[in-house]
Structures are given as structure tokens and as C-alpha cells.
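Structure first, commentary second.
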Amino acid sequence: MRAVTALSVAVLASSGVGHAVMSGLDSGIERVDPFKDMKNRPEAGRGLNILLAGTDGRDTITEEQRQAYRLGGKPCHCTDTLMLLHLSADHSRVSVVSLPRDSYAMMPPHTDRTSGEEHRPHPVKLNAAYAEGGPELTVRTVEKMTEVKIDHYVEVDFTSFMETVDAVGGVEICTVRRLKDSYTGLDLAPGPHRLDGGQALKYVRSRHLDGTGDLSRMQRQQRFLAALTAEVTGSGVLLNPVRFREVAQSVLGSLRADSGFTTERMLDLGKAMRGFTPASAEFTSVPVQEEAREVPAIGNTLVWKAKEAKRIFGALREDRPLADHDSARSKATVVDVPPEQIRVQVENGTPRQGLGAQADRALRATGFGTSGQAVDAADRATARTTVLYDPRWDRSARTVAAAFPGAELKAAPGQGGTLRVVLGADFTEVHPVRAEDPPEGATGALRGDEVTCPRPEAAGKA
């Protein structure tokens, strides 16, 4: 996350403050050598590949922070987050692929950095590569699994992550459902929130929200990364050279990176990335099989779907987008319940012939299940479009109401799982909606500008 922040800061530096402000910042970066003595590496492709590693290091955490942000317990000295970032050769696109921390991985032969013991290849969870061999073994393992050559390595821990968020003045994220995790202390109501560093750490660490564990957490991390990029690239305060230097010092001050990833290198990249926006970034996670693989003495591991993973990493090597992005998707209202899970019966409450069939077709086009047969309502002089729903399906009702901005929500106990929409004289068109996250197992990618809050008027009237 810090690496993308650094790249975004470099964009503004190239257009406003330049080399004078960046000078001297390079000395604050702690250097590592993740490519030492590496052999038999994948062939280089077009573009630039950066491995972003978030570790669970908490050595500099204060006792107050430890209590406030639920950072107790012993660190595993492993990677809490791994993301592979690809910058296209023409510098018009950044593709970010999350690698599940519990992925089944075959560790290459290596020397344990703690005990000095020589290890043969053996199965592990991916995040254990850092614990056994640090950045070098992490890079070797990821390159072996993805066949993508890594050009730069960047590492951040809990403390530096919080400092980065605070340095840019916090980051605004949105959620369509309540997020509550007793393990991290996260508790966010539906809607927009501006998170400071500590709150942001809770948000990206939470994995006990909905039963999907690390998979949904990766999606939140991607959403946060898009919001962070938007914050940095769109913040006018960074055009002030003094303020910019303060932010840059905080962003780079506790960063660990390879020696080639200098601030000069970041600035050169920034010059080539003028005009970069959240729409220029795309995010996905490596899809995993439904059933975990049990490994003795390790536990359950996540096995990648081979065909989908090959397609994703092939796109990175060949410098292609991860998905064909529909520009209309970014205009869709984000909803809690996916429309594909909802069945709707349309009723025409107006004298206009064919209006019900028109709405039925539009609902199916945006993903809803419909009866396919619109009917006339008992009252053909309805003024306001109404969504009638059984209270047991209130979340689904809010999703339907989002497709009819300004519609009235009306409870109808005993109606069952099919929702009824009575079109009123105010109806003009069905507004597209989409789920906040891609469906489980989806191999597509979200674009940065698709991570948006639902429109306030789409929430309906309870």
C-alpha cells in the first residue's frame, strides 16, 4: 500500500515540486536485498512488477496503540498481506493482484534465516516464506508460483502503515453493510467513513466479519488501496511543497525496499504517469478452490484455481489488462445483496401500456431475477413507485429500491421471498446496481473508480 502511495506522491511531485523536494528522502528508506544470488528466474516481460509485502511486525507499536487497535499476541514474523503490482509499459494502467496468505505453496530449497538449517523443498502456507527466509525467499516463492519476474520489492509493517494514512489526512472508505469484528475492534455502520491510521489498520486486518476470512479481507484491502490512491492523487494539499515533503517523509521514512527502488526512480515513474487516476488501476485476487487442502503440521491451505491463475499471471507477463471493464459498471449503485439473488414481480400502476414489460426487461438486464411477466396493479393511478417486501427480506428490498431511486419501501408481512414493485407515475427508468464485491470465485477485476458509495437517494424510505 505504501508503494502505491509513493508512486502516487511521485505523480504530484513531477508536476509540482520536482527533484528539489524529493532530494534527501532516499536516505530514510531501509534497504533489503531480496534478489541476492537468485538464479533460474522467469523471463522479464513488458512493464514493471512490484511485490508489496505487509508484515505483522509490531516492534515499534506503543502499549497504548497495542490496546487501542487490538495488536496483542505474538507476531508470526510472516507476511500478513502480499500483493503483486504491475505497471504497464505505457504507464497508463496499474494491475494489483492479491495473493491469499494461506495459499498452498511449495517452498524452494533454502537456508533458514533463524536457525541456519538447510531445508529441502517442502509445502507451506505462502505467508510462511517470509518467516523462514525473509524477503529473498518470499520473492523466490512468488516467482515460482506465478512465473512473473519481480522487479522491485517493497515492505511495510503496522506502524508505517498507520503513519502513512495519518500523513495524508486519513482515507475515506464506504460500506453498504455494517462491519463489526470483535477481534480487531472494527465497528462501522453502513455509509462513508474517514479513517485515521489506527482505524484503517483495523479495517484492512479484519477477517472475522462474514465467514469468508481472508478472501473478503483481501477485497477490503483492495478497496482501501483504491481509496488511498484517490486520496493521494486528488489531495490539493500535496501541491504545497512544504506539506508534500512532510507527507513524503512519512511515506518513505520507515519503508523497506530493494536498492533499485529509489525516490529518483519513483519520480521518473511519476513523470510518465501524469493523469493517473483511480480508474487507471484494476484489482483482483487469485481465485481458490472451494475445498481446502490439509497439510500435516500446517493445517488447511488454499489451492489456487490453476486455469484462472494462469490467465491472471499470463496477463501480467504479457502486459494486458486483467479484464475488459464496462464503463457503465462504475455508474451502477453499489448494493448489499447481489441482484442475482433477488426475484422480483413487476406490476404496472399506471395507464401507460407496456411500462411493466419495459421495467421487467431492464431489471433482468441489471441482474435481477424476474417473473418475465409483468402484470397490471389493482390501482392504475399510483403516483409513487413502491417496493413491497416481506420484513424477512429487508436487505433485498433496499437493493431493489436502489434500482428505483426515490421509491417507497413498504413492508408486507407474509409476502414471501418474491418482492413486488408497483410502478408509479414517477417511474422513468431502472437504475443499474451491482454488488459491492465480485461474486465468490469470480475471475474478473474491479477498477478503482468502481469502488464507490451507494447514492443516498437510492436507499429508499424505510
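Summary of computed values
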| quantity | calculated |
| --- | --- |
| Rounded to the nearest 10 Å², the accessible area of Met106 at probe 1.4 Å | 70 Å² |
| Length-normalised contact order of the stretch 72-213 in % [C-alpha pairs under 8 Å, at least 6 apart] | 15 percent |
| The stretch 174-228 shape via C-alpha gyration tensor axes, a/c threshold 1.5 | rounded |
| Estimated vicinal HN-Hα couplings, Hz - the stretch 165-171 in sequence order (Karplus 6.51, -1.76, 1.60; Gly, Pro = x) | 4, 5, 5, 8, x, x, 10 |
| Sites Ala306 and Ser259, calculated FRET efficiency, Cβ-Cβ separation with R0 45 Å, nearest 0.05 | 0.80 |
| Extension gain from Asp187 to Lys331, taking 0.36 nm per residue of separation minus the Cα-Cα distance | 49.1 nm |
| Unsatisfied cross-links (Cα-Cα over 18 Å) in the set Lys331/Lys410; Lys36/Lys125; Lys180/Lys331; Lys144/Lys310; Lys39/Lys310 | Lys331/Lys410; Lys36/Lys125; Lys180/Lys331; Lys39/Lys310 |
| Residue order for Asp112, Asp37 - accessible surface, 1.4 angstrom probe, largest first | Asp37, Asp112 |
| Candidate residues Trp304, Trp393: accessible-area rank, largest first, probe 1.4 Å | Trp393, Trp304 |
| R0 of 60 Å, Cβ-Cβ distance Asp426-Ala292: FRET efficiency to nearest 0.05 | 0.75 |
| Listed residues Glu340, Glu264, Glu231 arranged by accessible area, highest first, probe 1.4 Å | Glu340, Glu264, Glu231 |
| Rounded to the nearest 10 Å², the accessible area of His152 at probe 1.4 Å | 20 Å² |
| Per residue value of the accessible surface for the stretch 99-159 (all protein chains in place, 1.4 Å probe), Å² | 38 Å² |
| Rounded to the nearest 10 Å², the accessible area of Ile298 at probe 1.4 Å | 60 Å² |
| Cβ-derived FRET efficiency at R0 56 Å, Glu64 paired with Asp37, nearest 0.05 | 0.85 |
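The values are calculated or read from the model by the stated rules, or taken from the named source; none is laboratory data. Keep in mind it's a predicted model, so treat the numbers as computed, not measured. Every residue, glycine among them, receives a Cβ derived from its backbone with ideal geometry; neighbour counts consider all protein chains shown. Side chains included, ligands, DNA and RNA excluded: accessible areas come from the protein's heavy atoms. Shrake-Rupley method; radii C 1.70, N 1.55, O 1.52, S 1.80 Å.
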